[in-house]
Structures are given as structure tokens and as C-alpha cells.
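**Student:** I am attaching a structure below and will ask some questions about it afterwards.
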Amino acid sequence: MKKWKFLTAAALTLMLAACGSDEETSTKDEANETAKTEETTSSTEASAFPMTVSPLSAGSETEDGKSLTFEDVTFEEMPKNIVVFDYGFLDTLDALGVEGIVGIAANGGKGNFPEHLKEKYLTDSVTDVGSLKQIDFEKVAAANPDAIFISGRQGTFYEELKEITPNVVFIGSDNSNYVDGVFETVDLAAEIFGQQEKAEELKAALQEKVDAVKEKAAGYENALVAMYNDKKISGFDNGEDSRFAYVYNDFGFKPSTTDIKASSHGSDFSYESILSVDPEVLLIIDRTASDVETIKADIENDIIKKTRAYKEGKIVYLDGVNWYFSSNGVTTEAEKLDEILNELK
């Protein structure tokens, strides 16, 4: 009996030792697989470079009519120190989970920075390199960027920024194919930073919202986009040079007028003008980023109260930061569409 007990104990010892060996082997195998995966990922990323990317607009024009030309950029490796001047592109990089943003145009934390990005980027760890139209070149250089992303507001500084790094990429916007332009921006960011799978998810989610707004817009006879700025009103139609033409052309609203002077900043549009076109839906973009009640006090006056939009409760107040300062960002665009969907129930 004692011999049997001894053999049993010995067998148990051997079994435990074998289990321990198996677990150790399994742990080693898992570690090896992880290392292989990381090595493969690193190898895939490396194989994508050198990478040449084209600006999203080959040229642009300043407000004083000066012509600008932007060039292709060749990255030898994935950028690690990134300066971003365009809020929409910053929004897209953030949505893709891109790390390495070392500088943004925060303007001292003042003004019109997207609310959902403040906590992460208005910090001491990210250099404030000026405002959207006033660049602090010394701070840009001190951030040691290997990629700088700009848009129209910084176009005139293109050559100066190239003296800091040749890797200055222009992120333009195309109002004639607005949603496709947003997707193109997402694809560009995804290609540079290896986030194609995430990009497809983001684009699919945004397309769903676009389709939902189109369905909603189809139920209305017409609409008017107007912008409120310091008690002044600007109107926008669906013209080629209209800043918010995409509300009609891409989001599906039918314009209540096509006779507004084309301008990226809109045309002066009196309250009487709004009444004369009498839109069923009136979309008001708050350029001043003030509270809604303050704007309502000006907008919903005795003249506007005669409009169909007021009578039917279809005046929609839109966030000026998202609509005017950070358009083209994939998260921003989703929020813009949600504003319309939530108000036009």
C-alpha cells in the first residue's frame, strides 16, 4: 500500500511538472507570436515607405487673388512629430488614433477650437504654434516636425513652412464634391499612418449619417443656409463658389433661392431677404459661437416670425466652430449631421 501511494505521488509530481512545462512552452509560444506580429506590422509599415502623397488641391487662391501652388511630398518614413494647422484634419487624425501630434494652432486656448479636442490637445505637452492665420514660426521649428499639415488659411505661409521641413502637405477642401472630399482626407491620413481598416469603419459610419440626412431633407420643399456673425446675416445658395453649397448638393436640401451672389463668406442677406424666399427650413450657422438664446433674440424678430420656417418650428441653430472652423473632420462632420437630424425630428 505504501509503495502504491509513493508511485501515485511520483506520477502526480511528473504530471504537474509536465503541465508546468506545457504552460511555460505555451507562454513562450504566445510571446513569440506577439513578437512575430509586431515584427510583421513594423515590416509592413516600413515597406510602405518611401511614400509620396499629393496635396488634396494642387493650387489655391488667397483672398487678395494671389495664386498658390502646392507640391507632392515624399515621406521617407512614417512621420513621428506632427504639426497640424487644420482643425478638421486634426479631428480626423484623432479619430484614426494617430499619435505624435506635437503642435497645433491653439491660439492660446482662445477662440474657436473644437470642444471635443480641447482636453487632449490644449495641454502643455502639445506646442501652441499660433492661430489659424498667424503662425509662430519659432515655435513650429522648436517642435521639430517631420510633417506639417495646412489648409487654405495658412496657404500664404507655405514656402516659409517648407524652410522648417519640406514635408508640408496641403489639405484642401472641395465644395463641389464635399463628402467625397472628406473621405479623400480620411484616406490620405490613413495611408500615411497605416490606419486603413479604421478609416473604412469611420467612412461607413459617416455615410450612414449622410444618407439619413438626405432622407430627412427629401421631405422638405426647400431650405436656406444663413450665417449669423455679430448681428449680421449672410446667405448661401448651392452655387459652385458657395461655402455651404454642400448642404444642398451633398446633404440633399433643395435651395429656396439660387440667386445669392457667390462668395465663400456668403452675401449680405437681410431679414427681409429671408422672408422674401420664405424657406421651409432655415439653417443658421453661429459664426460668433455664442449661446443659442442670444442668437434667437436677434434672429427670431418680427420679420422672421412671418416665415414658414419659424411658424413650423424649423429654424435650426448650428454650431459655428464645427461648421465654420473645423469642417472636413470625420468626427466633426458626424456631429454636424447629428445636429440636423436631432433638430428636424
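**Student:** Can you name the helices (runs of 4 or more DSSP H) wholly within segment 95-175 that have at least 2 residues being open to solvent by less than 10 Å² (accessible area, probe 1.4 Å) and among the basic types (Lys, Arg)? Break it down stepwise before answering.
**Tutor:** Values: elements: 118-121, 137-142, 158-162.
In segment 95-175, no matching helices (runs of 4 or more DSSP H) lie anywhere.
**Student:** Just checking, does segment 267-275 include any residue being among the aliphatic types (A, V, I, L, M), assigned to a strand (DSSP E or B) and in contact with a strand residue (DSSP E or B) (Cβ under 9 Å, 6 or more places away or on another chain)? Walk me through it before giving the result.
**Tutor:** First pass over segment 267-275, keeping only residues among the aliphatic types (A, V, I, L, M): 274-275.
In the following step, the residues that additionally are assigned to a strand (DSSP E or B) were identified as none.
Looking through segment 267-275, none of the residues is among the aliphatic types (A, V, I, L, M), assigned to a strand (DSSP E or B) and in contact with a strand residue (DSSP E or B) (Cβ under 9 Å, 6 or more places away or on another chain).
**Student:** Consider only pairs whose beta carbons are under 7 Å apart and that are at least six residues apart or on different chains; among these, list those whose first residue lies in segment 42-68 and is at pLDDT 75 or above and of a type in the set (A, V, I, L, M, F, W, C) and whose second residue is assigned to a loop (DSSP other than H, G, I, E, B) and surrounded by 13 or more Cβ atoms within 10 Å (Cβ to Cβ).
**Tutor:** Listed by first residue and then by second, the contacts come to 48/194; 49/78; 56/171; 56/172.
**Student:** Shifting gears a bit: Every residue in segment 178-217 that is assigned to a helix (DSSP H, G or I), open to solvent by 20 Å² or more (accessible area, probe 1.4 Å) and in contact (Cβ under 8 Å) with a residue 60 or more places away in the chain, please. Before the answer, list the steps.
**Tutor:** Our first condition is that a residue be assigned to a helix (DSSP H, G or I); within segment 178-217, this holds for 178-193, 196-217.
Adding the requirement that they be open to solvent by 20 Å² or more (accessible area, probe 1.4 Å) leaves 180, 183-184, 187, 191, 196-198, 200-205, 207-209, 211-212, 214-216.
Hits for segment 178-217 are 184, 191, 198, 202, 203, 205, 209, 212, 216.
**Student:** Right, another one. For segment 75-115, give me each residue that is of a type in the set (S, T, N, Q) and without any contact (Cβ under 8 Å) to a residue 40 or more places away in the chain.
**Tutor:** To start, the set of residues in segment 75-115 that are of a type in the set (S, T, N, Q) comprises 81, 92, 107, 112.
Correct list: 107 only.
**Student:** Here's a follow-up. What are the residues in segment 297-321 that are of a type in the set (A, V, I, L, M, F, W, C) and touching a strand residue (DSSP E or B) at 6+ places or on another chain (Cβ under 7 Å), if any? Let's see the steps before the verdict.
**Tutor:** Residues of segment 297-321 that are of a type in the set (A, V, I, L, M, F, W, C), as a first pass: 297, 299, 303-304, 309, 315-316, 318, 321.
Residues satisfying the conditions are 299, 309, 315, 316, 318.
**Student:** Now, a different point. Report the residue count in segment 70-93 for those that are part of a helix (DSSP H, G or I) and hydroxyl-bearing (Ser, Thr, Tyr).
**Tutor:** Step one: of segment 70-93, the residues part of a helix (DSSP H, G or I) are 87-93.
From the residues that got through so far, the ones that are hydroxyl-bearing (Ser, Thr, Tyr) too are 87, 92.
Adding up the residues that qualify gives 2.
So that you can scan it fast, the table gives a plain yes or no per residue for (1) touching a helix residue (DSSP H, G or I) at 6+ places or on another chain (Cβ under 8 Å); (2) among the β-branched types (Val, Ile, Thr); (3) crowded, with 20+ Cβ neighbours inside 10 Å:
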{"site": "256", "(1), (2), (3)": "yes, no, yes"}
{"site": "282", "(1), (2), (3)": "yes, no, yes"}
{"site": "285", "(1), (2), (3)": "yes, yes, yes"}
{"site": "297", "(1), (2), (3)": "no, no, no"}
{"site": "314", "(1), (2), (3)": "yes, no, no"}
{"site": "336", "(1), (2), (3)": "yes, no, yes"}
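**Student:** For segment 218-233, which positions are within 15 Å of residue 312 (Cβ to Cβ) and touching a residue at least 24 places away in the same chain (Cβ under 8 Å)? Break it down into steps so the answer makes sense when it comes.
**Tutor:** Taking segment 218-233 and keeping what is within 15 Å of residue 312 (Cβ to Cβ), we get 219-224.
220, 221, 222, 223, 224, listed by residue number.
**Student:** So, in segment 324-341, of the ones that are modelled with pLDDT of 95 or more and touching a strand residue (DSSP E or B) at 6+ places or on another chain (Cβ under 9 Å), which residue ends up farthest from residue 220 (Cα to Cα)? Walk me through it before giving the result.
**Tutor:** Step one: filter segment 324-341 for residues modelled with pLDDT of 95 or more, giving 329-341.
If we keep only those that are touching a strand residue (DSSP E or B) at 6+ places or on another chain (Cβ under 9 Å) as well, we get 336, 339-340.
On the way: 336: 19, 339: 17, 340: 13 Å.
Filtering segment 324-341 for residues that are modelled with pLDDT of 95 or more and touching a strand residue (DSSP E or B) at 6+ places or on another chain (Cβ under 9 Å), the one farthest from residue 220 (Cα to Cα) comes out as 336.
**Student:** Within segment 304-345, which residues are touching a Pro at 6+ places or on another chain (Cβ under 6 Å) and over 24 Å from residue 114 (Cα atoms)?
**Tutor:** Scanning segment 304-345 gives a single hit, 309.
**Student:** State which residue pairs qualify: first residue farther than 19 Å from residue 243 by Cβ and inside segment 269-288, second residue open to solvent by less than 10 Å² (accessible area, probe 1.4 Å) and in a strand (DSSP E or B) in any location, beta carbons under 8 Å apart, and separation of 6 or more residues or different chains.
**Tutor:** Final answer for the pair search is 280/223.
The values are calculated or read from the model by the stated rules, or taken from the named source; none is laboratory data. Every value quoted in this text rests on a predicted model; they were computed, and no experiment measured them. Note: ideal-geometry Cβ built from the backbone for every residue, glycine included; neighbour counts use all protein chains shown. Accessible surface is based on the protein model in full, side chains and every heavy atom, while ligands, DNA and RNA are left aside. Shrake-Rupley method; radii C 1.70, N 1.55, O 1.52, S 1.80 Å.
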